[in-house]
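Asker: The structure is given below, and queries will be raised subsequently.
The values are calculated or read from the model by the stated rules, or taken from the named source; none is laboratory data. In this text, all values refer to a predicted model and were calculated from it rather than measured experimentally. Reconstructed Cβ throughout: ideal geometry from the backbone, glycine too, with neighbour counts over all protein chains shown. We work out accessible area using only protein heavy atoms, side chains counted, and drop any ligands, DNA or RNA first. Shrake-Rupley method; radii C 1.70, N 1.55, O 1.52, S 1.80 Å.
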Amino acid sequence: MSYFHNPVRIHCGRGSLERLPEVLGKRTCIVMTTPGMVRRGVVDRLKALCGDKILSLYCAEPNPTVASTMAAAQNLHGIAAEVILAVGGGSVLDLAKGVAALRHPGLAEDWLSAHLRHGQSFPGLFSPPPIVAVPTTAGTGSEVTMWATIWDEADGKKYSISHPALYPQVALVDPELTLTVPEDTTVATGLDALSHAMEAVWNRNANLVSDVLSSHAISVITSTLRQTLLSPSDVSLREAMHYASMVAGLAFSNTRTAIAHSISYPLTGKLGMPHGIACSFTLPEIMRINGAGNGDRLAPIVRALGCRSIDDAAEMTQDFLIDVGVSQYVRRYLPTEGEVAAFVGDFITPGRADNNIVPMTQADALRIFRSSAKQMLKVEA
């Protein structure tokens, strides 16, 4: 039996941001965004659309930590807004979910730290304020999921906060907001979306609906990302990528991610490797391992790539990654095989690695990382 559920109300396509007054109604909001959105005039558009419904503006830093999330919540404490309006990439949307959790009435100031680091439970009748999510990159999928990534500034460990009440109430997926996204971010976020889609397939929690969504997202991303890099001002291409990112988000909103994401976390936490690069360069090797004896399970990927076999699909995925420059990005952070061999990290994250259809140990994950990184280093610069 398959079961699929996602409660987010989605407005997708050009001009979706103009629905914001209708979405807010009479409610007031806090805007969480980035300095870049201020510079590009997006915040001015929000002010024109919402007027005095905006009670406060908070600019987020990349990769929210336990400390920065608690600081943001404290900064916004006492502002009686009814909605959190999150306008930005994955970091902004993740921070918004963390802050929303901390705005539950009567929650202790140190609850987030205790929850993430020591497993303290959510309060009964958990009721954070609703979130309206406006993604400005094509990759995170956070606008349609109930979890957020929060890093531990002390040791670089990755945590996830997750609760059904943290699903955004509404997502406004407007591709016009992605037109100014730089090339590096376009690549990394697009590959994050590809990883979301593939990881939702080789997943113990996969279902018929998530398979269809994943297959469609893979097809769109692999046929569109390279063109988008060549024509970044083409709004039709940006729209296709934004749509595919959202569709991949819907897929893994029901499955979570798996071993590729698990392997990625120490690479981002310790080296600063962009998340989308860190979770994508291992995809071909993971595909081969998961496909051995599980061909039917990986059929949505094989079909999406127009291939006849898993080996062909893995080879096509490798060629695609090289074509969009992944080898160059990997080389920035791991320039030699010696540094690949010397890198040490905990590649097995509970709640991620154990979703993979093939059980993986730390030794398995280390072999995947080393083999995949060395393959990328063999590509001529």
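Asker: Any residue at all in segment 4-15 that's of a type in the set (S, T, N, Q), surrounded by fewer than 16 Cβ atoms within 10 Å (Cβ to Cβ), under 30 Å from residue 204 (Cβ atoms) and in contact (Cβ under 8 Å) with a residue 24 or more places away in the chain?
Answerer: There is no residue in segment 4-15 that is of a type in the set (S, T, N, Q), surrounded by fewer than 16 Cβ atoms within 10 Å (Cβ to Cβ), under 30 Å from residue 204 (Cβ atoms) and in contact (Cβ under 8 Å) with a residue 24 or more places away in the chain.
Asker: Counting only residues that are among the hydroxyl-bearing types (Ser, Thr, Tyr) and under 21 Å from residue 228 (Cβ atoms), which one in segment 142-187 is modelled with the lowest pLDDT?
Answerer: Here the residue is 180.
Asker: Which of the residues belonging to segment 271-291 are outside any helix (DSSP H, G or I), open to solvent by 10 Å² or more (accessible area, probe 1.4 Å) and modelled with pLDDT of 95 or more?
Answerer: Selection gives 274 alone.
Asker: Follow-up question, since we're still on this one. Starting from segment 113-132, keep only residues that are open to solvent by 30 Å² or more (accessible area, probe 1.4 Å), then list their pairs with residues that are part of a helix (DSSP H, G or I) and of a type outside the set (Gly, Ala, Ser) whose Cβ atoms are within a distance under 7 Å, requiring at least 6 positions of separation or different chains.
Answerer: That search, which allows pairs on different chains as well, returns 120/111.
Asker: Next up: Those residues that are out of contact with any Ser or Thr (no Cβ under 7 Å at 6 or more places or on another chain), farther than 16 Å from residue 141 by Cα and not in a loop (DSSP other than H, G, I, E, B), I need them from segment 179-210; list them, please.
Answerer: Hits for segment 179-210 are 183, 184.
Asker: Restricting attention to segment 57-72, does a residue exist that is closer than 16 Å to residue 129 by Cα, open to solvent by 10 Å² or more (accessible area, probe 1.4 Å), over 21 Å from the mean Cα position of the chain (by Cα) and among the small types (Gly, Ala, Ser)?
Answerer: No, because not a single residue in segment 57-72 is closer than 16 Å to residue 129 by Cα, open to solvent by 10 Å² or more (accessible area, probe 1.4 Å), over 21 Å from the mean Cα position of the chain (by Cα) and among the small types (Gly, Ala, Ser).
Asker: What pairs can you find where one residue is in segment 162-189 and farther than 24 Å from residue 20 by Cβ, the other is of a type in the set (Val, Ile, Thr), and their Cβ atoms are less than 7 Å apart, with a gap of 6+ or different chains?
Answerer: 186/228; 187/324; 188/277
Asker: Same structure again: Being open to solvent by 20 Å² or more (accessible area, probe 1.4 Å) and in contact (Cβ under 8 Å) with a residue 12 or more places away in the chain narrows it down to one of 106, 78, 88, so name that one.
Answerer: 106
Asker: Further, regarding this structure: Which of the residues that make up segment 165-207 are small (Gly, Ala, Ser) and buried (at least 21 other Cβ atoms within 10 Å of the Cβ)?
Answerer: 171, 188, 190, 193, 195, 197, 200, 206, listed by residue number.
Asker: Can you pull out the residues in segment 317-363 that are within 22 Å of the chain's Cα centre (by Cα) and of a type in the set (Ser, Thr, Tyr)?
Answerer: 317, 327, 329, 333, 349
Asker: Would you check if there is a residue in segment 262-275 being aliphatic (A, V, I, L, M) and under 19 Å from residue 300 (Cα atoms)?
Answerer: Looking for residues that are aliphatic (A, V, I, L, M) and under 19 Å from residue 300 (Cα atoms), one finds none in segment 262-275, hence no.
Asker: Got a sec? Which of 268, 349 is at pLDDT below 95, assigned to a helix (DSSP H, G or I) and open to solvent by 10 Å² or more (accessible area, probe 1.4 Å)?
Answerer: 268
Asker: Go through the residues of segment 230-238 one by one and say whether even a single one is crowded, with 19+ Cβ neighbours inside 10 Å and in a helix (DSSP H, G or I).
Answerer: Scanning segment 230-238 turns up at least one residue that is crowded, with 19+ Cβ neighbours inside 10 Å and in a helix (DSSP H, G or I).
Asker: Collect the residues in segment 43-60 that are touching a helix residue (DSSP H, G or I) at 6+ places or on another chain (Cβ under 6 Å) and over 14 Å from residue 84 (Cα atoms), keeping them in residue-number order.
Answerer: 43, 49
Asker: When you look at residue 37, is it over 19 Å from residue 175 (Cα atoms), open to solvent by less than 60 Å² (accessible area, probe 1.4 Å) and not acidic (Asp, Glu), yes or no?
Answerer: no
Asker: For segment 352-374, how many residues meet the condition of being over 19 Å from residue 187 (Cα atoms) and in a helix (DSSP H, G or I)?
Answerer: 14
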